[in-house]
Structure formats: structure tokens, C-alpha cells
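Asks: If you scroll down you'll find the structure; I have some questions about it.
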Amino acid sequence: MRTEIRERIDFATSLAAQAGELAHDYYRNLGQLTVENKGPQDVVSEADRAVERLIRNEIERRYPHDGFVGEESGNARLSAIGPIWVVDPIDGTQPFLSGVPTWCVSIGLVAQGRVAGGIVRDPCTDETFTAVVGDGAHCNGRAIRPADAQDFTQGMTEVGYSSRIPVAPTALFIEKLLDSGGIYHRGGSGALGLAYVAAGRYIAYFEGHMNSWDACAGAALVNAAGGWVHDILVDDGLLGGAVAAASGQRLAPKLQALARDAGFPL
Ligand code: LIP
């Protein structure tokens, strides 16, 4: 199966670049986009739908028996034969539509019930993060590894939030993080945040609930880079989402304890 995943990641690396270029074209012309509200702090535009159509059409053309779960597609196709593609065409939609360059294209792969590979493409920094679980993770072809931090004072922790969960536990997590000498950062793209953990830029990532299409590729990057990442597929996470947590191996026990103390089921 790993050969099949490698082949798919090679194919999707150029697809992610193509999708990133299309997204960047919309990004350079934000004034022409109609923005719709899906909920509190949750927006979408034609850019998301157009980029997902491109990705889905190319994947279905090349791998007609694979499954597909996409943020904007609605009808998930859970293949019983091939791997399942888990895609967010523009992750960090709010920064994207606000003209803030912290967004990306996120293309993940699930095979035999496990996260198997992924690509995070950032057109704003011209960086492509790629991973095949078991084969390592790379940024623009260079091997990446998580930071070897042993406590929260040694760097930044990215903390995500959405109105899908109550405020209090996330506020308590941030309070406990600050009390531990850590500092939080929020860029608005969970996929990019997880990619930065894999690359050692953030020492940890935490979010009380992430959808699979936001988390899958980033989780593959952290796993393949040698870090620890909470299983995003736990309890039907593919369709229902899950807690997202990731760090280098040495910091993982403290991250898990901090999350549990804030009331999250890790
Ligand atoms: C985003 C996630 C991020 C979360 C944001 C938002 P979107 O996905 O990647 O982790 O904190 O609230 O849900 O909506 O930009 O695709």
C-alpha cells in the first residue's frame, strides 16, 4: 500500500501546486469575491468551491475508485477499494478572505483506516510540505523534523479555535499554557499549523475540534516527520472531526496533560 500512497503523493504534489495557483489568483482579486457566512467566524466563497472542483475532478479522473471527503463537497464518497482523499481546498478561509497570508491547500490521504500521507501547499511562501507516513516528511524537498522542545517555554504553541465547541475549555487551555511559561499563536489554518509543527517552527499545535479535511494532511506530516499527533480518525473522526494535538515526542506527555487538565479527552 505504501507504494500506492507514494505514487498518489507524487501525483497530488503537482495538483496541489495547480490548485494553489488558482487559489492565489482569487487571493489577488479578493474584491471580486462574494463571501457567504456558514456560521460565526466561518466563511466561504466561490474560490473554495472552484479550487475543490479542480482537485476533485483531477483525482476522480486519475483514481476513479478512490474515496473523497472534501470541505465544500458535502457528499463524502467513502471508497471500499482505494484510499480516501481528504481535502480542504483553502484552509484558513478567514485569513484568505481577509487578505492575511496564512492559508494553504490541504490534501490528505487515508488508507486502511489510518492517515497515510498528505500535502500542504502554501502559495504565499512558495512552500510545499509533503509526507508519506513511514517515509519521512519534506518541505520543498528538504527533510523536516519537529522541534525537540521539552517544555512550553521553548517556543510558540499554535492554538486553534472554532465555534463548533464551547469557549471555556479552550480559554482554560490557553490560561494553563501561559501559566506554564508558554505562548500561544493563532494563524487561522490548522493544516499550516500542523505543518509548522512537523517543520519545527511551532513546538506544538492544539485545537479542541478540527474537521478531518483541515487536519489530515498536517497529521500525516507530523507523523512522518517523527512527531506525536493525536489520532484524528478516532471515534469516526473522518466525518465527525476530533481533537487535534501534535508536538515533538519529548513535549507530547506535557501537551497531553495540559489538554486533559483543560477538560479535553486525550
Ligand atoms: C479552519 C481550520 C482551523 C480552525 C479555523 C477554521 P477553514 O478551517 O483549519 O484549524 O481553527 O476555525 O475552521 O474553515 O479555514 O477551512
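Every number here is computed from the coordinates shown, using simple stated rules; none is lab data. Computed from a predicted model, the values in this text were never measured in an experiment. Cβ atoms come from the backbone with ideal geometry, glycine included; neighbour counts cover every protein chain shown.
Asks: Normalising by the residue count of the chain, find the relative contact order in percent from Cα pairs under 8 Å and 6+ residues apart. Present the calculation step by step, with values, prior to reporting the outcome.
Replies: On the way: 625 pairs, mean separation 45.6, N = 266.
About 17 percent, as a whole number.
Asks: Among 237-246, 20-29, what's the highest-first ranking by average C-beta atoms within 10 angstrom per residue?
Replies: 237-246, 20-29
Asks: Using label points projected 7 Å from each Cα along Cα→Cβ, tell me how many nm separate T34 and T153, to one decimal.
Replies: Output for this residue pair reads 5.5 nm.
Asks: Additional query: For segment 10-96, what log10 I(q)/I(0) values come out of the Debye formula at q = 0.18, 0.19 1/Å, with one point per alpha carbon and no solvent?
Replies: The computed values of log10 I(q)/I(0) come out as -0.79, -0.87.
Asks: If you put +1 on each Lys and Arg Cβ and -1 on each Asp and Glu Cβ, how big is the dipole of segment 192-266 around its Cα centre, in Debye rounded to 20?
Replies: Numbers: 4 positive and 6 negative charges, 77 e Å.
That gives a dipole near 380 debye.
Asks: A further question on this structure: Using just the helices of the chain, give the 222 nm mean residue ellipticity in deg cm²/dmol: DSSP H runs with n ≥ 4 each add -39,500 (n - 2.57), and the total is spread over all residues, rounded to 500.
Replies: Numbers: 8 runs with 99 residues, N = 266.
So the calculated ellipticity at 222 nm is -11500 deg cm²/dmol.
Asks: Related question: Counting only other residues whose beta carbon sits under 14 Å from that of I144, what net charge do I get with K and R as +1, D and E as -1? Mind dumping the intermediate values first?
Replies: On the way: positive: R142, R145, R201; negative: D122, E127, D135, D148.
With Lys, Arg at +1 and Asp, Glu at -1, the neighbours total -1.
Asks: Just order 226-234, 10-18, 99-107, 174-182 by mean Cβ neighbour count inside 10 Å, highest at the front, would you? Write out the running numbers ahead of the final one.
Replies: On the way: 226-234: 20.4, 10-18: 17.4, 99-107: 24.1, 174-182: 15.3.
Order by mean packing, descending: 99-107, 226-234, 10-18, 174-182.
Asks: Give, in nm to one decimal, the length gained when the segment between R2 and R142 is fully stretched (0.36 nm per residue of separation minus the Cα-Cα distance). Intermediate values should be presented prior to the final figure.
Replies: Numbers: separation 140, 0.36 × 140 = 50.40 nm, distance 2.03 nm.
In short, 48.4 nm is gained.
Asks: Still on this model: Please list, ordered by chain and number, the residues whose modelled amide H lies under 5 Å from the amide H of I144; skip anything fewer than 5 residues away on the same chain.
Replies: Under 5 Å from the amide H of I144: A137, H138, C139.
Asks: Listed highest first by mean packing, meaning other Cβ atoms within 10 Å per residue, what order do 254-265, 130-141 come in?
Replies: Values: 254-265: 16.8, 130-141: 19.2.
By packing density, highest mean first, the sequence is 130-141, 254-265.
Asks: Continuing with the same structure: Mind putting a number on the dipole of segment 3-143 about its Cα centre? Charges go on the C-beta only, +1 for Lys and Arg and -1 for Asp and Glu, and I need it in Debye to the nearest 20.
Replies: Details: 13 positive and 21 negative charges, 52 e Å.
Result for segment 3-143 is approximately 240 debye, rounded to the nearest 20.
Asks: Something else: Mind jotting down the distance between the C-alpha centroids of segment 55-76 and segment 10-30, whole Å?
Replies: Rounded to whole Å, the Cα centres lie 17 Å apart.
Asks: Further, regarding this structure: What is the gain in length, in nm to one decimal, between L172 and T125 on full extension, counting 0.36 nm per residue of separation less the C-alpha to C-alpha distance? Could you put the intermediate results ahead of the total?
Replies: On the way: separation 47, 0.36 × 47 = 16.92 nm, distance 3.28 nm.
Stretched fully, the L172-T125 segment lengthens by 13.6 nm.
Asks: Taking θ as phi - 60°, what are the ³J(HN,Hα) couplings along segment 169-177 by the Karplus curve (6.51, -1.76, 1.60), each to the nearest whole Hz, with x for Gly and Pro?
Replies: Whole-Hz 3J(HN,Hα) from phi for segment 169-177: x, 5, 4, 5, 4, 5, 4, 5, 4.
Asks: In addition: I need the Kirkwood Rh of segment 151-266: take the reciprocal of the average 1/r across all distinct C-alpha pairs and report it in angstrom. Numbers along the way, then the final one.
Replies: Values: mean 1/r = 0.0738 Å⁻¹.
After inverting the mean inverse Cα-Cα distance, the result is 13.6 Å.
Asks: What is the percent of Cα-Cα separations in the chain that go past 32 Å?
Replies: Counting every Cα pair in the chain, those more than 32 Å apart make up 16 percent.
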